[in-house]
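Asks: Attaching a single structure in C-alpha cells format; questions to follow.
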Amino acid sequence: MKGVSDFSNKIIWFDSTCSGGEDVRGIWDNRYLQDVVNLSCHCSPSTKYLVSGDEEGVLRLFSYPCSDSMAAFFEYRQGGGSVTEVRFSFNEDLIISGNYSGALFIWTLVPFENTSQQNV
C-alpha cells in the first residue's frame, strides 16, 4: 500500500473503522475480488474479526488482521443498496449494517464449524 509510513503501521486504534491501513489491506488488495469499493469496515472488539461493506450491498467477514492478498472471507448480500455503515455489537454476537435509505440489517454471528475434519 503506497503512502503508509512506519509510524502509521504502529498505531493501535480504540475502535478500528479505518479502511485504509495495512491491517485491513486484504479487503482492498485481494486477488479474489475485482473493483470493490468498500464504504465501511469495522474490527471486532476482541480484534478477531473484520467486517466490510461495499457499494454493491455485500458484507464480507474476514479474520483480523487482514493484510494478505489471498485472505479468505465469508460473503453475504445485504439487499437494499450500498452498505454505508457496518459495526459489531459489543459482545460480537451481532453485526449491524445500514444503507442510504436508513434501513438497518441485524446479522447473527455464528461460530464456523469446520466439517472437513471429522473424528473417526
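Asks: Given the residues F73, F105, F88, which is the only one that is surrounded by 12 or more Cβ atoms within 10 Å (Cβ to Cβ), touching a Pro at 6+ places or on another chain (Cβ under 8 Å) and aromatic (F, W, Y)? Quick ask: steps written out before the conclusion?
Replies: Values: F73 fails: touching a Pro at 6+ places or on another chain (Cβ under 8 Å); F105 fails: touching a Pro at 6+ places or on another chain (Cβ under 8 Å).
Within the list F73, F105, F88, the selection yields F88.
Asks: Can I ask one more? Just checking, which of G57, G80 is surrounded by fewer than 20 Cβ atoms within 10 Å (Cβ to Cβ), over 16 Å from I27 (Cβ atoms) and over 9 Å from the mean Cα position of the chain (by Cα)? If you could, list the steps in order and put the result at the bottom.
Replies: Details: G57 fails: over 16 Å from I27 (Cβ atoms).
On inspection, the qualifying residue turns out to be G80.
Asks: Is at least one residue of segment 78-92 outside any loop (DSSP other than H, G, I, E, B) and without any contact (Cβ under 8 Å) to a residue 40 or more places away in the chain? Outline the logic, then answer.
Replies: Start the filter on segment 78-92 by keeping residues that are outside any loop (DSSP other than H, G, I, E, B), which leaves 85-88.
Still in the running and without any contact (Cβ under 8 Å) to a residue 40 or more places away in the chain: none.
Within segment 78-92 (the criterion being outside any loop (DSSP other than H, G, I, E, B) and without any contact (Cβ under 8 Å) to a residue 40 or more places away in the chain), the answer is no, since none of the residues qualifies.
Asks: Specify the residue that is modelled with the lowest pLDDT; the eligible residues are those in segment 1-56 that are assigned to a loop (DSSP other than H, G, I, E, B) and touching a His at 6+ places or on another chain (Cβ under 9 Å). Quick ask: steps written out before the conclusion?
Replies: Step one: filter segment 1-56 for residues assigned to a loop (DSSP other than H, G, I, E, B), giving 1-5, 10-21, 28-37, 44-48, 55-56.
Still in the running and touching a His at 6+ places or on another chain (Cβ under 9 Å): 15-17.
On the way: D15: 61, S16: 65, T17: 64.
Top of the filtered list is D15.
The values are calculated or read from the model by the stated rules, or taken from the named source; none is laboratory data. Small disclaimer: the values here were computed from a predicted structure and weren't measured. Every residue, glycine among them, receives a Cβ derived from its backbone with ideal geometry; neighbour counts consider all protein chains shown.
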